[in-house]
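Below is one structure, written out as structure tokens; the observations come after it.
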Amino acid sequence: MKILNIVGARPNFMKVAPLHRAFQARPELESKIVHTGQHYDAKMSDVFFTQLELPNPDYFLGVGGGSHTQQTAKIMLAFEEVLQKEQPDLVLVVGDVNSTIACALVAVKMNIPVAHVEAGLRSGDRGMPEEINRILTDSISDYLFVTEMSGMINLAKENVPDERIFFVGNCMIDSLVHYQARARQLSYSAVLPNKPAIQDQSYVLMTMHRPSNVDFVEGLTSILSIIEDAVQYRQVVFPVHPRTLKNLENFGLLERFERIPNLITTEPLGYLEFLRLMEGAALVITDSGGIQEETTFLQTPCLTFRSSTERPVTVDLGTNTLLADLNPETVHQHMLEALEGRGKKGSIPPLWDGKAAERIADVFIDIFERKR
Ligand code: UD1
């Protein structure tokens with residue numbers, strides 16, 4: 001059974017790494033990697049291949065940035081050629097980025113079965129490009145692998161037949177479990193060379209990149225006020241996403257940002273470095289999808305600057321709190337709670353145990369045996 005695994009953007013790499021490893025350990029499965037090139041900077045892509053011990057991709061489509069339509073269309077055209085050549089038995093896509101829907105759609109049009117890992121998540125907010133990608137990908141996938149109970153409920157509501165749905169746990173947490181000990185060995189001075197010293201619990205870790213927060217001057221200005229408040233209590237470590245940096249420049253806010261005392265900024269960090277920082281942080285402030293899950297697993301308090309989440313288990317069981325309103329006053333109260341040790345404690349969701357990719361490999365072997 002030949003499987004083509006798709007990666008495109010930063011959050012895909014840590015999900016595909018354990019899958020590729022699990023598939024390679026099974027003689028019945030042949031596993032290849034296609035990188036669309038949606039993310040292309042060394043710090044957004046190459047470093048993850050090295051640290052997650054992924055081989056060089058079998059195909060690199062080099063599509064780069066552009067509007068959503070341009071990006072999606074370029075991926076589709078380039079991926080069609082790969083499929084014509086490879087004729088795989090299965091295309092596996094993960095998550096909710098433009099590469100996910102683009103490759104799933106090409107495969108389905110060529111009658112090649114599609115597996116979607118991280119299926120069933122719904123924020124209910126169709127203004128998010130990822131929500132559209134999730135809904136469309138699930139509706140055309142043959143095998144849907146689910147990370148949390150809400151996903152099972154959402155797919156049932158959408159009338160996806162039971163036999164297509166598998167509750168397997170979380171492949172991103174597989175990577176975390178696999179690399180946690182290695183990340184702990186990193187010293188903070190190795191994680192942040194030539195920067196002010198930090199220690200466990202001495203800092204708040206922040207990431208912001210979602211268009212709804214950083215593509216508007218009002219959103220970015222509120223974020224700056226929130227950092228200016230936070231640095232009075234703790235150091236703030238902020239690896240800056242390329243989109244956020246561009247917008248700070250475009251809105252004339254870069255100088256104010258760079259002048260904030262006690263703020264340690266860096267380029268996007270590698271996987272191990274960022275994992276080290278999440279585990280040692282007093283608090284994480286983010287608008288990411290995946291970081292909500294990683295902080296839940298690590299039991300680090302997390303404030304997520306979004307009005308909804310497609311990962312409700314991180315709020316119900318985990319350490320995550322959603323803040324829809326970027327009002328610095330509201331954020332201040334939540335921040336102090338967490339910093340004074342009154343933040344959410346939380347527990348680890350079912351099946352987030354480092355073995356999700358193994359379960360997915362078992363499902364494929366089973367399908368393969370039945371088809372023979
Ligand atoms: C994408 C995903 C988002 C995910 C995020 C993680 C979609 C719809 N969105 O958003 O779900 O949370 O990745 O980072 O797929 N850029 C660079 N270098 C790079 C990559 C991007 O400079 O290596 C620039 C692009 O040129 C563009 C901007 O950053 O101007 C945004 O990149 P893009 O791929 O469009 O989406 P993200 O915001 O990264």
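Taking the condition under 18 Å from the mean Cα position of the chain (by Cα) and either more than 16 Å from the ligand (Cβ to nearest atom) or of a type outside the set (A, V, I, L, M) (or both), does Val114 pass? Step through it out loud before you land on a result.
Working: under 18 Å from the mean Cα position of the chain (by Cα): no; either more than 16 Å from the ligand (Cβ to nearest atom) or of a type outside the set (A, V, I, L, M) (or both): yes.
So Val114 does not fit the description; no.
If Gly318 satisfies all but one of (1) in a loop (DSSP other than H, G, I, E, B); (2) in contact (Cβ under 8 Å) with a residue 40 or more places away in the chain; (3) surrounded by 20 or more Cβ atoms within 10 Å (Cβ to Cβ), what's the number of the condition it fails?
Single failed check for Gly318: (2).
Tell me the helices (runs of 4 or more DSSP H) entirely within segment 231-297 that contain at least 2 residues that are more than 16 Å from the ligand (Cβ to nearest atom).
254-258, 271-280
Hey, could you check segment 7-32 for residues that are touching a Ser or Thr at 6+ places or on another chain (Cβ under 6 Å) and more than 12 Å from the ligand (Cβ to nearest atom) and say which is most open to solvent (accessible area, probe 1.4 Å)?
Gln24
Quick one: Tyr143 ticks every box in (1) of a type in the set (Ser, Thr, Tyr); (2) in the same structural domain as His39 (by TED's automatic domain parsing); (3) within 16 Å of the ligand (Cβ to nearest atom) bar one, so which box is it?
Unmet condition: (3).
Where in segment 148-214 are there helices (runs of 4 or more DSSP H), lying fully within it, with 3 or more residues that are open to solvent by 20 Å² or more (accessible area, probe 1.4 Å) and within 21 Å of Gly124 (Cα to Cα)?
Values: elements: 149-157, 171-184, 188-191, 211-214.
Fully inside segment 148-214 and qualifying: 149-157.
Which condition number in (1) more than 20 Å from the chain's Cα centre (by Cα); (2) free of Cβ contacts under 8 Å to residues at least 40 places away in the same chain is the one that Lys32 fails?
Exception for Lys32: condition (2).
So which of Val91, Val108, Val82 ends up being more than 15 Å from the ligand (Cβ to nearest atom), within 27 Å of Phe167 (Cβ to Cβ) and part of a helix (DSSP H, G or I)?
Numbers: Val91 fails: part of a helix (DSSP H, G or I); Val82 fails: within 27 Å of Phe167 (Cβ to Cβ).
Every option except Val108 fails the conditions.
Of the conditions (1) at pLDDT 95 or above; (2) within 23 Å of the chain's Cα centre (by Cα); (3) of a type outside the set (D, E, K, R), Ser212 clears all except one; give me its number.
It is condition (1) that Ser212 fails.
Would you be able to say whether some residue in segment 270-290 is more than 18 Å from the chain's Cα centre (by Cα), open to solvent by 10 Å² or more (accessible area, probe 1.4 Å) and not polar (S, T, N, Q)? Let's see the steps before the verdict.
From segment 270-290, those more than 18 Å from the chain's Cα centre (by Cα) are 280-283; that's our starting set.
Restricting the remaining residues to those that are open to solvent by 10 Å² or more (accessible area, probe 1.4 Å) gives none.
No, segment 270-290 has no match at all.
Taking segment 33-79 as the search range and keeping residues that are farther than 22 Å from Ile132 by Cα, more than 9 Å from the ligand (Cβ to nearest atom) and of a type in the set (D, E, K, R), which one is most open to solvent (accessible area, probe 1.4 Å)?
Glu53
Do you know which of the residues in segment 94-105 that are among the small types (Gly, Ala, Ser) and part of a helix (DSSP H, G or I) is farthest from the ligand (Cβ to nearest atom)?
Here is the first cut: in segment 94-105, the residues among the small types (Gly, Ala, Ser) are 95, 99, 102, 104.
Of the ones still in play, those that are also part of a helix (DSSP H, G or I) are 99, 102, 104.
Values: Ser99: 7, Ala102: 9, Ala104: 13 Å.
Filtering segment 94-105 for residues that are among the small types (Gly, Ala, Ser) and part of a helix (DSSP H, G or I), the one farthest from the ligand (Cβ to nearest atom) comes out as Ala104.
Among the listed residues Val94, Val106, Val82, identify the single one that is in contact with a helix residue (DSSP H, G or I) (Cβ under 6 Å, 6 or more places away or on another chain), in contact (Cβ under 8 Å) with a residue 40 or more places away in the chain and open to solvent by less than 60 Å² (accessible area, probe 1.4 Å). Steps first, please.
Values: Val106 fails: in contact (Cβ under 8 Å) with a residue 40 or more places away in the chain; Val82 fails: in contact with a helix residue (DSSP H, G or I) (Cβ under 6 Å, 6 or more places away or on another chain).
Selected residue: Val94, the only one of Val94, Val106, Val82 that is in contact with a helix residue (DSSP H, G or I) (Cβ under 6 Å, 6 or more places away or on another chain), in contact (Cβ under 8 Å) with a residue 40 or more places away in the chain and open to solvent by less than 60 Å² (accessible area, probe 1.4 Å).
Going by what's in this entry, would Gly343 be described as at pLDDT below 95, open to solvent by less than 20 Å² (accessible area, probe 1.4 Å) and farther than 21 Å from Gln185 by Cα? I'd like the intermediate steps shown before the answer.
Numbers: at pLDDT below 95: yes; open to solvent by less than 20 Å² (accessible area, probe 1.4 Å): yes; farther than 21 Å from Gln185 by Cα: yes.
Yes, satisfied.
The values are calculated or read from the model by the stated rules, or taken from the named source; none is laboratory data. These figures come from a predicted structure and were not determined experimentally. Every residue, glycine among them, receives a Cβ derived from its backbone with ideal geometry; neighbour counts consider all protein chains shown. Ligands, DNA and RNA are excluded from the accessible area calculation, which covers all protein heavy atoms including side chains. Shrake-Rupley method; radii C 1.70, N 1.55, O 1.52, S 1.80 Å.
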